[in-house]
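Every number here is computed from the coordinates shown, using simple stated rules; none is lab data. From a predicted model like this one, the values you see are computed outputs, not experimental measurements. Neighbour counts run over all protein chains shown; Cβ positions are idealised from the backbone, glycine included.
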Amino acid sequence: MTISDGLTTAEARLLGQRCVEGHEWYLPRQRCPECASAVSVFELSGSGTVFAQTSLHRHVSASAGFATGSERASAKKEAIGIALVDLDEGVRMMARCIPGTPIGSRVVVSIVRDRASHKLVPLCEVVAG
Ligand SMILES: [Zn+2]
């Protein structure tokens, strides 16, 4: 979710969509994917449970951007975790996480700025209990 997609405001709130029939989802759509009804936007709590998790490794250049081509040899390698989170509202979404975050962990998702790409990305953090 980015500012330009119309579902994250300048205050970086986590927003979802729902239709008049009550179906809810995270990724922006013109119509409900289940019944094709009109949609409206609502704020998600961010509270949820990790459904799945994986890690990937990327090269980051000294300028903190993504390393490309010949930059890769001198770039640092960084691991990032990617989780599928089932939000308490019933919406499943993808978010960054600490690599190795256990499946079933209770988390809170917020919108943060990625330090390599400078894009706004969802990040989930484990909460106690
Ligand atoms: Zn619907």
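Side notes on the structure shown:
- For segment 38-53, Karplus couplings with θ = phi - 60° (6.51, -1.76, 1.60), whole Hz, Gly/Pro x: 5, 10, 9, 9, 9, 8, 8, 6, x, 7, x, 10, 5, 8, 7, 8
- The ranking of L87, L56 from fewest to most other beta carbons within 10 Å of each one's beta carbon is L56, L87.
- Each residue of segment 107-113 was assigned a 3J(HN,Hα) from its phi angle through the Karplus curve 6.51 cos²θ - 1.76 cosθ + 1.60 (θ = phi - 60°); the sequence is 9, 10, 9, 9, 9, 10, 9 Hz, with glycine and proline shown as x.
- For V127, V107, order by how many other beta-carbon atoms lie within 10 Å, fewest first: V127, V107
- Length released on extending from A79 to R115, taking residue separation times 0.36 nm less the Cα-Cα span: 11.6 nm
- Inter-label distance for D88 and H57, nm, one decimal - labels placed 7 Å from Cα along Cα-to-Cβ: 3.8 nm
- A Förster radius of 35 Å, combined with the Cβ-Cβ distance separating L27 from E125, puts the computed FRET efficiency at roughly 0.95.
- Summing charges over all other residues whose Cβ lies under 11 Å from the Cβ of F42, with Lys and Arg as +1 and Asp and Glu as -1, gives -1.
- Counting neighbouring beta carbons within 10 Å and listing from fewest to most, the residues I103, I98 come out as I103, I98.
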